[in-house]
Amino acid sequence: MKFENWAGVPRRRVAMGTAAAAISATAVLGGGLTTAADAGEGSTPTAIILGVGASESQRVVSWYSSAHDHQVVEVAPTSKLDRGRFPKHTVTFSATVAANGVNGGYNGHATIDSLKKNTAYSYRVGSEGNWSPTYAFKTQDFKGDFDFLFFGDPQIGSSGDVAKDGAGWADTLKVSLAANPKAELLVSGGDQVESANTETQWEAFLGSDKLRQYPWAATIGNHDVGGKAYEQHFWTPNTDRSAPFYQGDAATQSGGDYWYIYKGVLFIDLNSNAYANGSDAAHLSYVTDVIKRHGAKAKYTALVYHHSIYSPADHANDADNQQRRQDFPAAFSRLGVDLVLQGHDHSYSRSYVIKNGKKANPAEQPGATQVAQGPGGVVYVTANSSSGSKYYDLTAPDTTKDPNYGPDPLNPSHHWANSVENQEHVRTYVKIQVREDKLIVQDIRSGTCAAPNAAVELGKVPWCGPNSGASAAQPVGSLVDKVQIHPYRDHGHHWAVPGGSGWLK
Ligand SMILES: [Fe+2]
């Protein structure tokens, strides 16, 4: 714990050694703004989060502050710290600080650049006399295999009990990173919070120090989009904030599409709230353009967005999903997308290999543990709730609602697109292992029916466990699903580079 938080680091001025202290400082911001002038001193940063950078040698730190004064991020290799003290000439990265507007206070961010591989770093945010606690992160090799974790809908506050939702979310982070301490990215499926501008929910979301040690790759959900707090809490790299990537008003909502490359995976993150008025065509041209420019540098392409198009549950036949099942899959196949990571449905699904919106190989069996993509093959994953704040039950395919999303002939209770659909009312997360010759996707239980499990504790769901509660809950760390995905390769090159020899005509 000390390594994680450096709780014992002596502070020059105020004992601000714990995340709890940082959170209560944020609460002060929310209740009544304490300005630098009031306090007679500089601001103390709160709501600190480590974010993903444009590449494996960058990280982004974002935070809130009470004043618009000079703020920096200090970064040093942990080996250079002397009993927790930063060396004299520590490298600093200057911050961009902006007013939060109606939310009160300010938000800052800085990009930490030129990191070296296989190095443990310590960092803190603020200015002389007003430093945050010291946090630490590690870089690993900048090439080769790596693992990342994908989290669906923490949606803190959706059970009606922010503390319980926050406890479940913090426990999933703890359990998943204890099992996977070398995971390199925490990728969001969206819906960090229930109410976009409610800071008490953001504080609970940010409560775990894991979010200051491992980079969070934010994704905007429908619950995050209704205000500016999402983009004030998270600065993301290479972000295109042009009009088609907002759901509506850029002055009052958050949005943007962004991309980054991490160890041979090109991640493209879309604001799927932006849907109508040509936004889907704009998303597709964004994806096309990013792949055209950067796809050659990547072994794999992963798309991330909130609104699952092959939903297994409540949102299966939403009008936007019905339309997107027509709009997206052929383009994703043509562009050589390998994996699509989605949220919104608070239940787990893993698709068959889908090519141009159809099952690529009709003989692929439900729950197959090995699949070959072939040219144009894409696997779509929907993440279950990672916090336990809300679960949706699986729904039966209903062709009266969408004739194109009927039952799977091999497993009629499931939708035709999905190899696996699961809901047990327990928290899970998705682990993705990126290997030279395959992607391994696992859905892993991070909780049981016991607390913290807000929806179960509060009686929001009537049963818990496999088979609609008829079977005993499985232990933390057990697998809901595991599949090895073997990509299609054309002479060792990413087959889908536009104009490349493998480009699907
Ligand atoms: Fe959600």
Worksheet entry | Cα centre as origin, Lys/Arg/Asp/Glu Cβ charges: the chain dipole, Debye | 1680
Worksheet item: With respect to the cross-link table entries K182/K482; K174/K228; K355/K438; K182/K292; K116/K292; K80/K138, which display a Cα-Cα separation exceeding 21 Å?
Response: K174/K228; K182/K292; K116/K292
Practice prompt. Could I have the simple spin-label model distance between Q323 and H89, label points 7 Å from Cα toward Cβ, reported in nm to one decimal?
Written response: 5.9
Worksheet item: Relative contact order for segment 88-247: what is it in percent, counting Cα pairs under 8 Å that are at least 6 residues apart?
Response: 20
Practice prompt. Please give the peptides 221-233, 358-370 ranked by average Cβ packing (other Cβ atoms within 10 Å per residue), highest first, as a rough proxy for protection.
Written response: 221-233, 358-370
Discussion item. What does the C-alpha gyration tensor say about the overall shape of segment 356-462? Classify as rounded when a/c is under 1.5, otherwise prolate if a/b is larger than b/c, or oblate.
Written reply: oblate
Item to complete: Considering Cα pairs under 8 angstrom that are at least six residues apart, work out the relative contact order of segment 278-432 and quote it in whole percent.
Response: 25
Worksheet entry | Net length gained if the chain between K482 and A98 were fully extended (0.36 nm per residue, minus Cα distance) | 133.9 nm
Discussion item. What is the distance in Å between the Cα centroid of segment 67-134 and that of segment 157-228?
Written reply: 22
Discussion item. Let's test the formula: R0 of 30 Å, r as the Cβ-Cβ distance of A451 and K182. What FRET efficiency results, to the nearest 0.05?
Written reply: 0.55
Discussion item. Suppose we keep just the DSSP beta bridges with both residues in the chain; what percent of those would be antiparallel, to 5?
Written reply: 75
Fill in: Karplus-derived 3J(HN,Hα), 6.51/-1.76/1.60, for each residue of segment 71-88, Hz, glycine and proline x
10, 9, 10, 9, 9, 9, x, 4, 5, 8, 6, 10, 6, x, 8, 6, x, 4
Worksheet item: Roughly how many percent of the accessible protein surface of the chain is carbon and sulfur, given a 1.4 Å probe and a whole-percent answer?
Response: 53
Worksheet item: Ranked from highest to lowest mean number of other Cβ atoms within 10 Å per residue, what is the order of the peptides 441-449, 325-333, 240-248?
Response: 441-449, 325-333, 240-248
Worksheet item: Once phi is turned into θ = phi - 60°, what whole-Hz ³J(HN,Hα) does the Karplus curve with 6.51, -1.76 and 1.60 give for every residue of segment 339-348, x standing for Gly and Pro?
Response: 9, 10, 10, 9, x, 6, 9, 6, 7, 9
Discussion item. Need the full-extension length gain, A396 to D249, defined as separation in residues times 0.36 nm minus the C-alpha distance. One decimal, nm.
Written reply: 49.3 nm
Response to the item:
Summing -39500 (n - 2.57) over every DSSP H run of at least 4 in the chain, dividing by its residue total and rounding to the nearest 500, the 222 nm mean residue ellipticity is -5000 deg cm²/dmol
Worksheet item: In terms of the Cα gyration tensor, with a ≥ b ≥ c the square roots of its eigenvalues, is segment 146-486 rounded because a/c is under 1.5, prolate because a/b exceeds b/c, or oblate?
Response: rounded
Practice prompt. Would you work out the relative contact order for the chain, in percent, from Cα pairs under 8 angstrom that are 6 or more residues apart?
Written response: 14
Discussion item. Quick check on packing: order 56-68, 115-127 by the mean number of other C-beta atoms within 10 Å, highest mean leading.
Written reply: 56-68, 115-127
Discussion item. I'd like to verify something in the chain: which complete DSSP H helices, judged by Cα projection on the helix axis, reach 24 Å or more and average at least -1.0 on the Kyte-Doolittle scale?
Written reply: 162-179
Worksheet item: In nanometres, what is the gap between the two model label sites at K143 and S242, each 7 Å from Cα along Cα-to-Cβ?
Response: 3.5
Response to the item:
Given a 1.4 Å probe, the accessible area of the chain per residue, as a whole number of Å², is 36
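The values are calculated or read from the model by the stated rules, or taken from the named source; none is laboratory data. Here the structure is a predicted model, which is why all the values come from computation and not from measurement. Neighbour counts are summed over all protein chains in view; Cβ atoms, including those assigned to glycine, are modelled from backbone coordinates with ideal geometry. Just so you know, the surface numbers come from the protein's heavy atoms only, side chains and all, with ligands and any DNA or RNA stripped out. Shrake-Rupley method; radii C 1.70, N 1.55, O 1.52, S 1.80 Å.
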